[in-house]
Amino acid sequence: MEGEISDIDSIVLYWRTSSDLNYSTMRNLMKSKEYSWALFMGHFVIEKLIKSLYVKKLQKHPLLSHDLLRLFEKIDISLPSGYDEWLDEITTFNLNARYDDYKQSFYKLCTLDYTKEWINKIEILRQWLISQL
């Protein structure tokens with residue numbers, strides 16, 4: 001529901017708090033070796049921080065989208081080099097974990113090494129996004 005809002009701070013806090021809860025869940029899923037679900041949750045960590053930044057910068061509700069790069073491009077802030085590619089890849093974690101025709105191949109892709117690499121990138125993006133808030 002894109003549109004102007006009056007209580008910017010509370011909406012920014014809502015998205016940030018929700019992202020923090022998803023971050024905790026992501027970490028717990030890593031500990032329990034549920035790698036594909038950890039990456040799925042990592043997508044929400046980043047999506048909700050982008051939506052928090054979207055609200056802060058544009059003072060309106062974010063687009064109803066899970067496409068991280070598309071959401072971020074609306075904010076008009078320069079991304080550090082390579083982060084656009086990371087956002088595109090992390091967006092696929094949402095689709096791959098959610099839809100049956102992708103689940104099996106995604107599950108096989110999510111080895112410990114692959115998942116650690118992407119969780120690390122999610123954590124880097126998370127810290128950068130938080131610094132922009």
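A short reminder: the numbers here are calculations on the coordinates, not readings from a lab. Computed from a predicted model, the values in this text were never measured in an experiment. Positions of Cβ are generated from backbone atoms using ideal geometry, with glycine treated the same way; all protein chains shown enter the neighbour counts.
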Charge dipole of the chain about the Cα centre (unit charges at C-beta), most positive-ward option of 46, 87, 68: 46
CD proxy at 222 nm, helix term only [per DSSP H run n ≥ 4: -39500 (n - 2.57); per residue of the chain; nearest 500]: -26000 deg cm²/dmol
Charge tally in the Cβ shell below 10 Å around residue 16, where Lys, Arg are +1 and Asp, Glu are -1, residue 16 excluded: +2
Relative contact order [Cα under 8 Å, 6+ residues apart], the chain, whole percent: 30
GNM flexibility winner over the chain from 64, 79, 13 (Cα, springs under 10 Å): 64
About the Cα centre, charge dipole magnitude for the stretch 8-132 (Lys/Arg +1, Asp/Glu -1 at Cβ), debye: 400
Ordering of 33-42, 105-114 by packing [mean C-beta count within 10 Å, highest first]: 33-42, 105-114
Net length gained if the chain between residue 60 and residue 95 were fully extended (0.36 nm per residue, minus Cα distance): 10.0 nm
Too-long pairs where the Cα-Cα distance tops 20 Å, listed order kept, from 74/116; 74/121; 48/121: 74/116; 74/121
